[in-house]
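The values are calculated or read from the model by the stated rules, or taken from the named source; none is laboratory data. These numbers were taken from a predicted model, which means no experiment stands behind them. Here the Cβ is made from the backbone with ideal geometry for all residues, glycine too, and neighbour counts use every protein chain on show.
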Amino acid sequence: MATTCCDSTCANTNPLNDPRRRRALWIALAVNAGMFATEIYAGATADSRARMADTLDFFGDAANYAISLVVAGLALTWCARAPPFSKA
């Protein structure tokens, strides 16, 4: 019986394809990006090096969530490109 990768393997075993997890990543990305913008403004206004250092932490977290979303999207793309296979 012929089946495709996305029907049998990728969609069921890859947790990155779960819409709830992707939504959570988007929310975390938005919160961290917003805090990054807030902290960079506050750090520049107060001329505070500590607040500017904290800004880098928020930027790093936001970048991590963005990379996770890209990887999740790549997993879906590679599943869609995979040729169908048959079980012998």
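Given the condition at negative phi, surrounded by 14 or more Cβ atoms within 10 Å (Cβ to Cβ) and either modelled with pLDDT of 95 or more or not in a helix (DSSP H, G or I) (or both), answer yes or no: does some residue in segment 1-9 qualify?
Scanning segment 1-9, I find at least one residue that is at negative phi, surrounded by 14 or more Cβ atoms within 10 Å (Cβ to Cβ) and either modelled with pLDDT of 95 or more or not in a helix (DSSP H, G or I) (or both), so the answer is yes.
Does segment 28-59 hold any residues that are among the small types (Gly, Ala, Ser) and surrounded by 12 or more Cβ atoms within 10 Å (Cβ to Cβ), and which are they? So that I can check it myself, show each step before the final result.
Of the residues in segment 28-59, the ones among the small types (Gly, Ala, Ser) are 28, 30, 33-34, 37, 42-44, 46, 48, 50, 53.
Matches in segment 28-59: Ala28, Ala30, Ala33, Gly34, Ala37, Ala42, Gly43, Ala44, Ser48.
Check Ser68, Ser48 and return the single one that is under 20 Å from Ala28 (Cα atoms) and among the polar types (S, T, N, Q).
Being under 20 Å from Ala28 (Cα atoms) and among the polar types (S, T, N, Q) holds for just one of Ser68, Ser48, which is Ser68.
Any idea which residue in segment 60-88 is surrounded by the fewest Cβ atoms within 10 Å (Cβ to Cβ), counting only those that are polar (S, T, N, Q) and assigned to a helix (DSSP H, G or I)? Write out each step before concluding.
Keep residues of segment 60-88 that are polar (S, T, N, Q), which gives 64, 68, 77, 86.
If we keep only those that are assigned to a helix (DSSP H, G or I) as well, we get 64, 68, 77.
Values: Asn64: 13, Ser68: 16, Thr77: 10.
The extreme case among them is Thr77.
Please work out which residue is modelled with the lowest pLDDT, limiting yourself to segment 17-38 and to residues that are in contact with a Leu (Cβ under 9 Å, 6 or more places away or on another chain) and more than 14 Å from Asn64 (Cβ to Cβ).
Ranking the qualifying residues of segment 17-38, first place goes to Asn17.
May I ask you to say which residue of Tyr65, Tyr41 is aromatic (Phe, Trp, Tyr) and more than 30 Å from Asp18 (Cβ to Cβ)? Let's see the steps before the verdict.
Details: Tyr65 fails: more than 30 Å from Asp18 (Cβ to Cβ).
Answer to the selection: Tyr41.
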